[in-house]
1. Checking A:P25 against (1) surrounded by fewer than 21 Cβ atoms within 10 Å (Cβ to Cβ); (2) free of Cβ contacts under 8 Å to residues at least 60 places away in the same chain, which single condition isn't satisfied?
2. Tally the residues that are in contact with a Gly (Cβ under 8 Å, 6 or more places away or on another chain) and either open to solvent by 10 Å² or more (accessible area, probe 1.4 Å) or within 14 Å of another protein chain (Cβ to nearest Cβ) (or both), restricting the search to region A:271-293.
3. Within region A:269-314, work out how many residues are basic (K, R) and out of contact with any helix residue (DSSP H, G or I) (no Cβ under 7 Å at 6 or more places or on another chain).
4. I'd like to know if region A:251-270 contains one or more residues that are within 14 Å of another protein chain (Cβ to nearest Cβ), of a type in the set (D, E, K, R) and surrounded by 24 or more Cβ atoms within 10 Å (Cβ to Cβ).
5. Pick from region A:181-205 the residues that are out of contact with any strand residue (DSSP E or B) (no Cβ under 8 Å at 6 or more places or on another chain) and open to solvent by 20 Å² or more (accessible area, probe 1.4 Å): which of them is modelled with the lowest pLDDT?
6. Take A:N247 and decide whether it is modelled with pLDDT under 95, open to solvent by less than 10 Å² (accessible area, probe 1.4 Å) and among the polar types (S, T, N, Q).
7. Can you name every one of the helices (runs of 4 or more DSSP H) wholly within region A:28-144 that holds 2 or more residues which are aliphatic (A, V, I, L, M) and more than 30 Å from A:Q209 (Cα to Cα)?
8. Out of B:T52, B:T43, which single residue is part of a helix (DSSP H, G or I) and open to solvent by 10 Å² or more (accessible area, probe 1.4 Å)?
Amino acid sequence: MRNHLATVSLLAAALLSGSAQAADPGVTDTEILIGDVEPLTGPPALLGVAASIGHKIAIAEANNAGGINGRKIKYVLEDDGYVTARTIQGVKKVIEVDKVFAMLGISGSGQSIAVMPVLEKSGIPTVIDVAPVKLLWEPARKNVFVVGQSYEEGIIHLVNYLADKNPGKTWGLITQDDDYGITVRDGFDSVVKAKKLKVVYSGNYKKGQQDFSSDMLQLKESKADVFLAGGIIAENIAMMKELEKLNVKPVTGIFWPGRIEPVLKLMGPAGDGIYAVDYVEPFAGEAGKAFLEKAKPLVTEAEFKGINRYTMTGYAAAKVLLAAIERCGKAVTWACTISELEKTKNVETGVMAPISFGPGVRFSNQKLQIMQADAATLSFKPVQ
Amino acid sequence: MQYFVQLLISGLAIGAIYGLIAMGFAVIYKSTGLVNFAQGEMTMIVAYIAWTVSTTVSGNIFVVSLAAILAAVVLGLVIERVVMRPMLGEPVFATVMVTIGLAVILRSSINFIWDAYPHGLDVGVGRGIVRVGGIGVRTGQIAVITTLLLLLAAIWAFFRYSKTGVAMRAVAADDRTALLMGISATKVHALAWAASSVIAGIGGVFFALSYDLSPAMFQLGLKAFPATILGGLDAVIGSGVGGLLIGLTENLAGGYISSGMKEVAGFAMIIVVLMIRPFGLFGERDIERV
């Protein structure tokens, strides 16, 4: 009888340990697998490639320091081409086939939202860093953490700053006809209502539009003094060049998805003095320069050229995730990692304000800052 | 009035770019009976090659132009020989699907060969602004309108008077009879692909000069295709004019109605025109003997 009990106990123990291993894959004695799905092809590769470089920098930094408690970090990266169906497919693949331990990324805002049920169902520890939108942390999911600031808060901060700096002036706004544009417009409208701003031009362009001649001519005719350019990258460049052609230069604000340095080169003198809002440090500042110095030996020359603000967001998210895994010691599990992520308190990454989460708090709510473009040095400099 | 003239000029400038790419569509259709869904991507590749030459070899406009034309010829010939010629005699649906596949490959190649960042094509000219009576126009915009008009005249003369042009028209009308007359259909096809690549590539280079280069540039093909339909799928000159009309309509609708109408107006016009002339403004009516 005692022998039978012992056998049953051993079997139960074996089954339990087996199920624990099945629940927490991606960790061996020598390595930990981290998965990511990003747009690596097509126009949005600008953010996907840069974010993945940020992840690689943090991982290389950890591996060069001997790994996390002796385990090397291995990075599994999939391309979704910014197509939601492929994002879901990619996330399922890295979780179920590659059996990664945790996730970083993930692609754009729409893609992250779409993939949320997969992440939630799997229970895998995830830190999202590319496109922070409220639906990712409201309601809070146990295993999903978001580093950044909401688009809406960003716009509110920028419009408030420009409104305080330009009292009594007239306003113009143009947005894209998608969820991104709606968020920008919602943020703008809330400040317009609160501060009773006078809006004389309001345009809405179709995603993919490349010529803004009639839109900017309408803006000129409206005599708007302050202009919120709600394009992303190529759209803002086209708008600013069109305004230059029309010989008008309103005080202009852009949002962080388009706050990348090559944009200034393409805008030329037309981009000088435009305002931007962001929660990551500008590369022209001390923190930005220090980050580039750190990154240089850790990435290839081609990767170094691909660094932009999304590299910083990716780097910060990876640092937070790796720090949580490290605090778990040798016994790395999903439960421990999630618990440690929740305990994240004022983690310094050097590229943005310290990051904190908390019980039931899955959004880091980063501090925002206003920057201004300097066409002479092709850089953004903090003004606030 | 100043507002109207500014809209008119900007509309003609972007319309000229659509027109050039639309002519590329029509040249291939006229000679091979095929709609090339990779036209926008070919336009983009030629523009990227021009940018590479300008940043690595020389920024001189003549060097860049020559290199872009040569690259476009090679691109057109390679696609015709390697991808399209093996499809000769296959069902049209399969051939069209091949061009769609080609489009995806060319689109993805931008990230593999170059990168996802926007780039400006700087050849020392084309970016200056000419101001007359409060109206601003970039020199590149003036150049693209002029180029389109010159090309329209040249292509009209080519199809009307040159032996090769007449041969191309013969193949388009009846390739079997043309073959019996000693015309090589494969040579005509190769020439059509090369010419289409060059004409559309010129549009791409002008777009890069006036705006910028980015992996989203292939979308120009989506704007130019309606111009071809409007002008007539088999009408090369009509497609060029169709581009101008689409550019003008878009800009006037965007300027006088709303920004949102800009993208819709061109398509609305096509629907109306096709209801009246199903073969396009300048297309030839298909007559079948029954």
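1. A:P25 satisfies every listed condition except (2).
2. Total meeting the criteria: 4.
3. Here the count works out to 3.
4. No, that holds for no residue.
5. In the first step, residues of region A:181-205 are kept if they are out of contact with any strand residue (DSSP E or B) (no Cβ under 8 Å at 6 or more places or on another chain); the result is A:183, A:186-187, A:189-191, A:193-196.
Those still in the list that are open to solvent by 20 Å² or more (accessible area, probe 1.4 Å) too: A:183, A:186, A:189-190, A:193-196.
Details: A:T183: 87, A:D186: 93, A:D189: 96, A:S190: 95, A:K193: 95, A:A194: 95, A:K195: 95, A:K196: 95.
If we take residues in region A:181-205 being out of contact with any strand residue (DSSP E or B) (no Cβ under 8 Å at 6 or more places or on another chain) and open to solvent by 20 Å² or more (accessible area, probe 1.4 Å), then A:T183 is modelled with the lowest pLDDT.
6. For A:N247, the condition - modelled with pLDDT under 95, open to solvent by less than 10 Å² (accessible area, probe 1.4 Å) and among the polar types (S, T, N, Q) - is not met.
7. Working: elements: A:45-64, A:84-92, A:109-122.
The qualifying helices (runs of 4 or more DSSP H) are A:45-64, A:109-122.
8. Step by step, each of B:T52, B:T43 is checked, and only B:T52 is part of a helix (DSSP H, G or I) and open to solvent by 10 Å² or more (accessible area, probe 1.4 Å).
The values are calculated or read from the model by the stated rules, or taken from the named source; none is laboratory data. Since the model is a prediction, treat every value here as computed from it, not as a measurement. Backbone-built Cβ (ideal geometry, glycine too); neighbour counts: all protein chains shown. In case anyone asks, the SASA skips ligands and DNA or RNA and just uses the protein heavy atoms, side chains included. Shrake-Rupley method; radii C 1.70, N 1.55, O 1.52, S 1.80 Å.
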